[in-house]
Structures are given as C-alpha cells and as structure tokens.
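Report on one structure; see the data block that follows.
The values are calculated or read from the model by the stated rules, or taken from the named source; none is laboratory data. Owing to the predicted nature of the structure, the values given are computational and were not obtained by experimental measurement. Cβ: placed from backbone, ideal geometry, glycine included. Neighbour counts: every protein chain shown. All accessible areas refer to the heavy atoms of the entire protein, side chains included, with ligands and DNA or RNA removed. Shrake-Rupley method; radii C 1.70, N 1.55, O 1.52, S 1.80 Å.
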Amino acid sequence: MKKHFFIRWWISPFLFIAAACNTAPVATQSPTLIPPQEASPTVESLIVTPVESALAPGNPTAAPRDDILASHAVTFDTEDGATINAELYGTGETAVIFSVMGNCKPGWREFAQVTAAQGYMALTYQWRGCKANSVDDVLIQKFLDDTRAAVTFVREQGAEKIILVGASLGGCASAKLAMESDASGLVVLSSPPSISQWGFEIESADLNTDIPKLFITAENDNTVPAEATRSLFDLAAEPKEWQTYPGNAHGTDLFEGESGTELQQSILGFIQMIAPE
C-alpha cells in the first residue's frame, strides 16, 4: 500500500532538553575526529553507486518514482501490538536501520536508498506517534519499542549484522539500544543524552561496547546544542569518532546544506568500514 508522509516540525521537547544541558562548549574545528583513528574513506576515494540502483536496478525510468517507493513500503508489529510503517530497500546480510527525528520528517529516505544501492539492506520507519500531519505526544514516547521492533524485523529478513543510525530522537533510540540490540556499529546525529520530561536517559552502560561509533552535529545546532550531543559522545566507550559541521541545521536537515555531500560520504564510509561489501 502506498504510504504518504507528512512533515511537521516537532521542536518544543528538544528545546526543554537544550535548556537542561550545561556541558562545556564543543570544539569548533570541522570536521573533528576524537580520538585519532583510521579515517573513513574520503569523498575522492569512496565510489557511490547511484540511487537509481536502489529504486530500479539498471533502469531508473522503469516506473514512476512514487510507484517504486510504494513497492518498498512494509509494515511490522511491535511487541505491544502497534503497527509500524516503514520502507525497506535492498538486501544483504548487513542491515542499516535509519531512525527518524521526533518531528516525523522522513529525512533518511534518500540516504537509505543510496545505502541500499551500495549492497546493504536499508530500513527507515516512522514512529507510531506519527499521525497524518501531527505527532501524538503520548504515543511518540514509545519510540524505544518501535526501534526494538525494527531490529527484530530486519533480523527476520535475514540480517546477520545491524548498524543503527539515527537523528535526534532516532539517535537517542539508537544509542540506548546499541548494547541491547547487539549492533555492529552506531551513528548518532544531533542527539542529546536525555529527555528529562519523559524520564528518558542514556547511561554509560548503554554505550559500553567496543563497536565503532560515530557522533555528528552542526556547530550551532538550533534545536539540540552541540554540547548536548558531545555529552552523549563522552558517555560512550572507545572506539568513537566526533565530527562537527558548519551551520545550525539539526539532524537530517544537515543533508540539505552545503555540507550535505561530505556528510553523506562520511556516513557511507563509516558503514563500509564496519561491513565491507
């Protein structure tokens, strides 16, 4: 069934988070890697297969884009009986799960398609709290259960290795479940370590794993301050990377700015480092 997505900014909860975070300012060198380690493939060295291969292999005009997107629509159920709407691209033993921001904007869609074109299974999904052109403030708080169901779903599709990638609220879920899900890698984009009004907190034990971890933010993020994401980075065990980019874009909105191509290459390189295809 064809799935329509609606975009609505959902900022106020994260403004509360921003007010609660009082960590030291983050370094502004962009991008910065902390601590030094083997660099991800550069823009010049990373060969990216065009997104058309994920949509219509060998024939990007085989069908209208919307029809192709509809053909990738899937649903899966959570343990408590909620049905989650998602899009599944590609196949393979490595699945990359892209968790969206709390405003329900499908900001990972194109990147999921590009990731699938490189030979991976890629899943992006909507929270159960995403309702037409609004967000249900109660249901959205079940976000961890939704991510757990996404992990179960890709394993049922044959994934043996899972990489969790999330922005803002999606990054919170990905970080919280890094250990629990037995993930092989973690990418967090513009996420805080806690959501105080929900009683949600990520602890160091949740990130006490030796899997590769990449934390990314904009220097002047206008929703979750860079120092909040840096606090989350500080909780994580090694190995881990820290990257900042110019500007004030939040989460997946970074893809729409001047650093979008560089960011895309960085994340793809990180994924390929974890699971070469």
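Multiplying the residue separation of Asp77 and Thr91 by 0.36 nm and removing their Cα-Cα distance gives an extension gain of 3.0 nm.
Checking the a/c ratio against 1.5 first, then a/b against b/c, what shape does the Cα gyration tensor give for region 233-277? Oblate, because a/c is 1.5 or more while a/b does not exceed b/c.
Computed from backbone phi, the HN-Hα couplings of region 233-243 come to 4, 5, 6, 7, 6, 5, x, 8, 10, 10, 9 Hz, rounded to whole numbers (Karplus: 6.51 cos²θ - 1.76 cosθ + 1.60, θ = phi - 60°; Gly and Pro given as x). A simple charge model with +1 on the Cβ of Lys and Arg, -1 on the Cβ of Asp and Glu and nothing else charged puts the dipole of region 173-230 at about 100 debye relative to its Cα centre. Note on exposure: Lys105, Lys131, Lys161 ranked by accessible area (1.4 Å probe, complete protein assembly) read Lys131, Lys161, Lys105, with the most exposed listed first. Subtracting the Cα-Cα distance of Ala237 and Asp210 from their residue separation scaled by 0.36 nm leaves 9.0 nm. For region 82-183, the set of GluC sites (Glu not before Pro) satisfying both a DSSP loop assignment and a count of at most 16 other C-beta atoms within 10 Å is given as Glu93, Glu160, Glu180.
For Met179, the solvent-accessible surface computed with a 1.4 Å probe is close to 90 Å², ligands and nucleic acids excluded.
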